[in-house]
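Input: a single structure, listed below in structure tokens.
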Amino acid sequence: MRTFSGFFETLGDLDWLAIVVATIVVLAVITMLFYGPGLGKKWAQANGTEYSMKMDLKQDIPGLVQAFLLQIGVAYMGAADDIEHSLVTALMVTLFLIGPALMARVIWLNASKTAYAIDLGYYFCAVAVGGYVQGLMA
């Protein structure tokens, strides 16, 4: 079991190139699939916003940072070089960590269940693909 005393040492030992590559893959592929023209229109409609594919640095830069931080978390848990372990890790992280956190918006802020489902699918794929990409580079 990891303890706080080894936290920074473990961070220093991470494969930072693999984290950057996984972040780029997730942003270029997974984000486009979930928030691009297909599901992006449904997601925007469910959130009551306009759909747009225009660059917006006020959103795109924080989105890049968020994706990078997610991939650091995936790397810290241990990247897997086989799809089965990547999928199991993604399932556990999505169902028991990210899912309940996102569900708070639905419960307390009456957020859209459709947007919740799209976001949950995105995070599942981002963790699975990011972990797999990192594992392949290890």
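The values are calculated or read from the model by the stated rules, or taken from the named source; none is laboratory data. Since the structure is predicted, the reported quantities are computational estimates derived from the model, not experimental observations. When we count neighbours, we look across all protein chains shown, and the Cβ atoms used for this are built from the backbone with ideal geometry, even at glycine. Side chains are part of the model used for accessible areas, which takes the heavy atoms of the whole protein and leaves out ligands, DNA and RNA. Shrake-Rupley method; radii C 1.70, N 1.55, O 1.52, S 1.80 Å.
Structure summary
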| read-out | value |
| --- | --- |
| Long-range neighbours under 8 Å by Cβ, at least six apart or interchain, first residue in contact (Cβ under 8 Å) with a residue 24 or more places away in the chain and closer than 16 Å to residue 45 by Cα within the stretch 105-121, second surrounded by 14 or more Cβ atoms within 10 Å (Cβ to Cβ) and among the basic types (Lys, Arg) | 111/105; 114/42; 118/42 |
| Some residue of the stretch 68-80 being hydroxyl-bearing (Ser, Thr, Tyr) and within 30 Å of residue 8 (Cα to Cα) | yes |
| Boolean, residue 95 is over 22 Å from residue 44 (Cβ atoms), of a type outside the set (D, E, K, R) and touching a helix residue (DSSP H, G or I) at 6+ places or on another chain (Cβ under 6 Å) | no |
| Matching residues, the stretch 1-53, being open to solvent by less than 40 Å² (accessible area, probe 1.4 Å), touching a residue at least 24 places away in the same chain (Cβ under 8 Å) and farther than 15 Å from residue 78 by Cα | 23, 26, 30, 31, 34, 46 |
| Restricting the stretch 113-138 to residues that are small (Gly, Ala, Ser) and assigned to a helix (DSSP H, G or I), the residue that is farthest from residue 35 (Cα to Cα) | 135 |
| Given (1) open to solvent by 70 Å² or more (accessible area, probe 1.4 Å); (2) touching a Gly at 6+ places or on another chain (Cβ under 7 Å), number of the condition residue 69 does not satisfy | (2) |
